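Every number here is computed from the coordinates shown, using simple stated rules; none is lab data. Bear in mind the structure is a predicted one, so any value in this text is a computation, not a measurement. Virtual Cβ from ideal backbone geometry, glycine too; neighbours counted across all protein chains shown.
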Amino acid sequence: MNTSVKAMVLAAGRGERMRPLTDRTPKPLLAVQGKPLLRWHVDALARGGFTDIVINTAWLGEQIPAYFGPQPVSEGGQPLSVAYSWEGLDFGGALETAGGIVRALPLLGDLFWVLAGDVYAPDFEFSVQAVQRFARGDKLAHLWLVPNPPHNLKGDFGLGADPQAPGRQLALNQAAVTYTYSTIGLYRREFFARPWCKIAAGNPQGAKAPLAPMLRKAMDNQRISAELYTGAWTDVGTPQRLAQLNETASP
């Protein structure tokens, strides 16, 4: 199954809070320990057998295919199939998370990974077992949550009484304990259609739309599951966080 499941890496954002670092370099190509953030994800996906990857681009987007080249390979030498969704060229800018995913749907399958290209999660395992569990169920998405970092102490979503149990049904923020969405998840194509998503198939008009309202609506209908991930994880949202990673992180 893993050879047929694609992954979408979100890489279109401007990275305003990372300026001036992102004035000349797209945020996903900023380096942690000498390796671009985007490369950490691509190599982790390849280790799990997921070598068919879609990347959306906008700000300085031409630098990303230039980095991977015409015959991209993983750090371990595995050939990669990398396709691009050109939001910047097609619409002049990024389409936000849901808008970007819907735009890229023609390049994706019935279920697929989604992850943000500006998050550092070197220990995360993209496993075929996780895909198989998700495929056997009826959920529209399965999310990995992390303990709340200092910049998001209120968290995003609740996991209920036993956050370690895989496949826990997400509660909303009414839960006693909340966690932060890691930006890593498995999704079904049907989630990006009505009634959950109002954007036309393929997003031909370039509509911009966030993902969180869609997730909350599906949570209200018990269609989202999640589990807790406790490995190394950083939202590289400021130059200070990047500098700290480069001081303390190791490959």
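In the stretch 2-248, Cα pairs under 8 Å separated by at least six residues give a relative contact order of 25 percent.
Residue separation of ARG216 and TYR67 scaled by 0.36 nm, minus their Cα-Cα distance, works out to 50.0 nm of gained length.
Just checking the listed ones, VAL128, VAL119, VAL82: in the Gaussian network model of the chain with Cα springs under 10 Å, the one fluctuating most is VAL128. Evaluated with a Cβ-only charge set (Lys, Arg +1; Asp, Glu -1), the chain carries a dipole of roughly 480 debye about its Cα centre, given to the nearest 20. Each Lys and Arg adds +1 at its Cβ and each Asp and Glu adds -1 at its Cβ; summed about the Cα centre, the stretch 49-124 shows a dipole of about 100 debye.
A crude spin-label estimate for the pair ALA200 and VAL177, with each label 7 Å from Cα along the Cβ direction, gives 4.7 nm.
Ordering PRO36, SER74, VAL236 by Cα displacement along the dipole of the chain toward the positive end leaves VAL236 in first place; charges were set at the Cβ atoms of Lys, Arg (+1) and Asp, Glu (-1).
Reducing the stretch 214-250 and the stretch 85-118 to their Cα centroids gives an inter-centroid distance of 19 Å.
Kirkwood's formula applied to the C-alpha pairs of the chain gives a hydrodynamic radius of 18.3 angstrom. Beta-bridge orientation, the stretch 2-248: approximately 50 percent antiparallel, per DSSP, counting only bridges with both partners inside. First check a/c for the stretch 1-108, with a ≥ b ≥ c the square roots of the eigenvalues of its C-alpha gyration tensor; if it is under 1.5, answer rounded, and if not, answer prolate when a/b is larger than b/c or oblate otherwise. Cα axes put the stretch 1-108 in the oblate bin.
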